[in-house]
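> Would you mind keeping the following structure in view while I ask a few things?
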Amino acid sequence: MAKVLVVTSGKGGVGKTTTTAAMGAALAQAGQKVVVVDFDVGLRNLDLVMGAERRVVFDLINVVQGIAKLPQALIRDKRLDTLSLLPASQTKDKDALNEEGVGRVIAELRNSFDWVVCDSPAGIERGALLAMRYADEAIIVTNPEVSSVRDSDRIIGMLDSKTVKAEKGERVNKHILITRYDPSRAARGEMISIDDILEILATPLLGIIPESQDVLRASNVGSPVTVNNPASAPARAYHDATRRLLGEVLAMMVPSEKRGLMNLLRGRRAA
Amino acid sequence: MSILRLFSSRRPAPPATAPIARERLQILLAHERGLTRGQPDLLMLLREEILAVVSRHVALDPEKVVVRMERGRNVSTLEVDIELPNELEPARAATG
């Protein structure tokens, strides 16, 4: 039974696209058939983070409007053969998406994939609503920072009221994913604690992704961090989160960078 | 400082990725700027016209048409793979 997963946050720049690429790839590495769908019409970036930007022929809006068939618009990942991308349009305006059309595309994707991962645009407007509309599961990407927590709370409220599941009296399965977590700043009390975030949002935790240079390196070369450097701290954290999403029970910990003695002596390495 | 460098050279820094990012962006933006400034996207134009010509003669099954593109700095490729049945069905007025 296919699952539709929305990666959302309300706030921009918290790591939705990074998370979609990393977890989409991790699910595929775990043997699942996965499609990642970019809902950020007009400002697509998932293609760039996945390294498929030169291969985009058709997009989500072409499929919704019937100009292209779904198999023509899907871009098969070159590294993982069970991973595909459905890009957003870069030029058309976002009103080109409608609920009925998106519903048709999602229903068709459910037939050929185990996971349909929807990368939501920032904000609480139409695009974000359409990305979450048909979700069974939701990852709310949250940074340990007050404005991000506030926006996450807003998005949780929308997941509980504006989705098809909510309207049928069912619940979207919600998970908090903390990203850009800096253990040393947290230890100094400079960052809102994870316990506080979870208490405020009253939603279970899926994982904690540490702030890391490896995320930037991966996006530079256009490869999900879980593929580009699987041994890195953020990749291991994303893999753990993915296993939890698939139902495994794992102890919650923040993977740390493996540092050599000299690096430890010199402290944090510069970017 | 030089002694520290000697020690740290055991763990070489990962190769710089910024030049790759720069290269990818330059290629991508060269194509996208053409689009947003009203220049026709040659690859898209060719794709549409090729399909239009073929569908004038054959009823195209959209499932049997595979279009691939690879945008490069100096050369881009357009690959149109159309599977035609041996017994050709004449084109209908409106395909698709």
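The values are calculated or read from the model by the stated rules, or taken from the named source; none is laboratory data. Nothing here was measured: the structure is a model prediction, and the numbers come from that model. Note: ideal-geometry Cβ built from the backbone for every residue, glycine included; neighbour counts use all protein chains shown. We work out accessible area using only protein heavy atoms, side chains counted, and drop any ligands, DNA or RNA first. Shrake-Rupley method; radii C 1.70, N 1.55, O 1.52, S 1.80 Å.
> Jot down the radius of gyration and Dmax of the stretch A:1-40, Cα atoms only, both in angstrom.
10.8, 32
> At 0.692 mPa s and 37 °C, plugging the Kirkwood radius over alpha-carbon pairs of the protein assembly as shown into Stokes-Einstein gives what diffusion coefficient in µm²/s? Working shown, then result.
On the way: Rh = 22.1 Å.
In µm²/s, the coefficient rounds to 149.
> I'd like the interface area for chains A and B: accessible area of each alone minus the complex, both sides summed, 1.4 Å probe, protein heavy atoms only. What is it in Å² to the nearest 100?
Buried area (both sides, nearest 100 Å²): 2400 Å².
> Work out from phi, with θ = phi - 60° and the Karplus expression 6.51 cos²θ - 1.76 cosθ + 1.60, the ³J(HN,Hα) of each residue of the stretch A:231-241, listed in order in whole Hz, and give x for Gly and Pro.
8, 5, 4, x, 5, 5, 5, 5, 5, 4, 4
> With 18 Å as the cut-off, how large is the P(r) tail for the stretch A:42-142, expressed as percent of Cα-Cα pairs? Walk me through the numbers before you get to the answer.
On the way: 2336 of 5050 pairs.
In whole percent, the long-distance tail amounts to 46.
> With no solvent and one point on each alpha carbon, what is the Debye value of log10 I(q)/I(0) for the stretch A:148-259 at q = 0.18, 0.21 Å⁻¹?
Taking Cα atoms of the stretch A:148-259 as identical point scatterers yields -1.02, -1.20.
> If the chain between B:A16 and B:E32 were fully stretched, how many nm would it gain, using 0.36 nm times the residue separation less the Cα-Cα distance?
Net length gain for the segment: 3.2 nm.
> Here's something else I'd like to know. Counting Lys and Arg as +1 and Asp and Glu as -1, what is the net charge of the other residues whose Cβ lies under 12 Å from the Cβ of A:A22?
-1
> Anyone know which of A:L159, A:L129, A:L250 comes out most mobile in the 10 Å Cα GNM of chain A?
Residue with maximal mean-square fluctuation among A:L159, A:L129, A:L250: A:L250.
> How many angstrom separate the Cα center of the stretch B:53-80 from the Cα center of the stretch A:1-48?
Measuring centre to centre over Cα atoms gives 27 Å.
> Can you tell me the alpha carbon radius of gyration of the stretch A:1-80 divided by the globular rule-of-thumb value 2.2 N^0.38 Å?
Cα-based Rg divided by the globular estimate yields 1.11.
> Within the stretch A:7-92, count lysine pairs with alpha carbon atoms under 25 angstrom apart where the residues are 8 or more positions apart or belong to different chains.
8
> Given H placed 1.01 Å from N in the peptide plane, which residues other than close sequence neighbours of A:N173 have an amide H under 5 Å from its amide H?
Hits under the 5 Å cutoff: A:E137, A:A138.
> Set the Förster radius R0 to 35 Å, insert the Cβ-Cβ distance between B:E83 and A:V221 as r into 1/(1 + (r/R0)^6), and round the FRET efficiency to 0.05.
0.50
> At R0 = 25 Å, how high is the FRET efficiency between A:D153 and A:R76 if r is their beta carbon distance? Nearest 0.05 is fine.
Values: r = 38 Å, r/R0 = 1.50.
For A:D153 and A:R76, the calculated efficiency is 0.10.
> In µm²/s, what is D for the stretch A:189-250 at 37 °C and 0.692 mPa s, where D = kT/(6 pi eta Rh) by Stokes-Einstein and Rh is the Kirkwood radius from Cα pairs?
Stokes-Einstein gives a translational diffusion coefficient of 253 µm²/s.
> Suppose R0 equals 22 Å. What FRET efficiency, 1/(1 + (r/R0)^6) with r the Cβ-Cβ distance, do B:R73 and A:Q213 give to the nearest 0.05?
0.20
> Remind me, relative contact order of chain A in percent, using alpha carbon pairs under 8 angstrom and six or more residues apart?
On the way: 540 pairs, mean separation 63.7, N = 271.
Relative contact order, chain A: 23 percent.
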